[in-house]
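Quick notes on the structure that follows.
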Amino acid sequence: MAQELDQQEAAQTDTTLDAEHTAGEAEQTIAEDGAVPAPEAAEPAPPPAESPFKWYIIHAYSGFERKVKESLQSRVAAYHLEDRVGRIEIPTEPTTELRNGKKYTIDRVFLPGYVFVEMALDNDLWHVVKNTPRVTGFLQTGDQPNALSEAEVNAMLNRSDVSKEKPKMKMKFAKGEQVRITEGPFANFNGAVDDVNEDKQTLKVMVSIFGRPTPTEVAFANVEKFEE
């Protein structure tokens, strides 16, 4: 019996040594080859969800664009729709006007009757917007309002940013009309309009210097109409 136990213990010892020897060889192989088991590939992240907010154009009574914007903002607050309506914009450009001989720069609406609204449109919101006072409807094709991209809206709204560098004069001049130059080297000279350039917002004015008519180019902003 004792001999059998000694044989079993010897067999277990040999098995343990064989297992340790095998594990050591495996570790040595990894160390020599430098090979590390590749980690499992991560699953690709899902694509970002598309924003439900899009731009729409609202038709309004011409001249009431700002009133419509105010009414829309009030209705959005009243119906607690702040999470479904974003920006509300009116396309404007700076325009210089003369009133009683003084210059005033105002923001003039250059797309009368249009209001741009950014919103996550659904049937309920459609009714809220459509029933706003002085709103006549959406810009749409068939039964569906047309959604505009951010780039399309920026292309229209950014016109006001460009114009701010050179405000346009809201004045009309005719050839032969008498004007007085108010600024520049010919300030306080009177003359007749010889040519009108609407694009450049300039006039060619014939002024008398030493009794001789001399043409000079003057910006709209630097003249005023003059009646003898």
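The values are calculated or read from the model by the stated rules, or taken from the named source; none is laboratory data. From a predicted model like this one, the values you see are computed outputs, not experimental measurements. All Cβ positions, even for glycine, are placed from backbone atoms using ideal geometry, and neighbour counts span all protein chains on display. These accessible areas exclude ligands, DNA and RNA; they are computed on the full protein's heavy atoms, side chains included. Shrake-Rupley method; radii C 1.70, N 1.55, O 1.52, S 1.80 Å.
Ignoring ligands, DNA and RNA, how do GLU89, GLU97 rank by accessible area with a 1.4 Å probe, largest first?
Largest to smallest exposure gives the sequence GLU89, GLU97.
If R₀ is 45 angstrom, what is the calculated FRET efficiency for the pair PHE53 and ASN100, using the beta carbon separation as r and rounding to 0.05?
0.50
Given R₀ = 41 Å, FRET efficiency for HIS127-GLU43 by Cβ-Cβ distance, to 0.05?
E(calc), rounded to 0.05, equals 0.45.
What does the accessible area of TYR79 come to, in Å² to the nearest 10, when a probe of 1.4 Å is used?
Using a 1.4 Å probe on the heavy atoms, I get roughly 120 Å².
For ASN154 and ARG75 in one chain, what is 0.36 nm times their gap in residues minus the Cα-Cα distance, to one decimal in nm?
Length gained between ASN154 and ARG75: 25.9 nm.
So for SER71, SER208, what's the accessible-area order with a 1.4 Å probe, most first?
Largest accessible area first, the list is SER208, SER71.
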